[in-house]
Structure formats: C-alpha cells, structure tokens
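The values are calculated or read from the model by the stated rules, or taken from the named source; none is laboratory data. Being a predicted model, the structure only gives us computed values, none of them experimental. Every residue, glycine among them, receives a Cβ derived from its backbone with ideal geometry; neighbour counts consider all protein chains shown.
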Amino acid sequence: MKNVDMKVKGNQLTLTIDLSKSFGPSASGKSNIIATTAGNMEVAGHENTMLGINVFKSLPKEEKPKKTAKKNGKKRVSYKVSK
C-alpha cells in the first residue's frame, strides 16, 4: 500500500489518504498516482471482505503521452518529460 492508512474498529473501516502526496506517473503516463493498495487486499478481521483503491490525478492534456505508430504490432508511446 502507498499512502493508504486503514483502520478497522468493529464493523467500521476508516481510510486516510494524504491528497498532497504523489508517487509519480501511472504505467500509462496519463495520470499521477496519489495512493494505491496495489491491487485488492482483504480487510483485516473481516473474512472475504476485499478492498482495492486507486487515487490519481489526471494530467493536463499537453502533459499526457502522445501515441505514435505501431512497430512490429506493439504500441509505441512517447513521453514528454517536464522539469
């Protein structure tokens, strides 16, 4: 988990996420990751109860990767790196 604090008290689940944090671009490069459970996970003490969270911020259109032609049947994506 990144930036997800999970507390279970009885039947109440409380999540805390710091929206000011950033863990860099997503795999597609179209957004910045703020918090994630990195897949589904079981809620402690509650059998068969699952949780999966992704919190992200979309990048402005001009910062998103530009799609380019396919080569050998694979997508090619170019990324614009800004400082």
Worksheet item: Out of all the residues in region 18-51, which are within 10 Å of the chain's Cα centre (by Cα), on the phi < 0 side of the Ramachandran plot and part of a loop (DSSP other than H, G, I, E, B)?
Response: SER22, PHE23, SER26, ALA27, THR37
Worksheet entry | Complete set of residues in region 5-20 that are of a type in the set (Val, Ile, Thr) and under 17 Å from ASN54 (Cα atoms) | THR14, THR16, ILE17
Item to complete: Evaluate region 35-51: report whether one residue or more is in contact (Cβ under 8 Å) with a residue 24 or more places away in the chain and hydroxyl-bearing (Ser, Thr, Tyr).
Response: yes
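Evaluate the following for LEU15: is it at pLDDT 95 or above and part of a strand (DSSP E or B)?
Answer is yes for this residue.
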Discussion item. Against the definition (touching a Gly at 6+ places or on another chain (Cβ under 7 Å), at pLDDT 85 or above and assigned to a strand (DSSP E or B)), how does VAL55 come out, yes or no?
Written reply: no
Practice prompt. Identify, by number, the condition in (1) of a type outside the set (Val, Ile, Thr); (2) modelled with pLDDT under 95; (3) in contact with a Gly (Cβ under 9 Å, 6 or more places away or on another chain) that ASN40 doesn't meet.
Written response: (2)
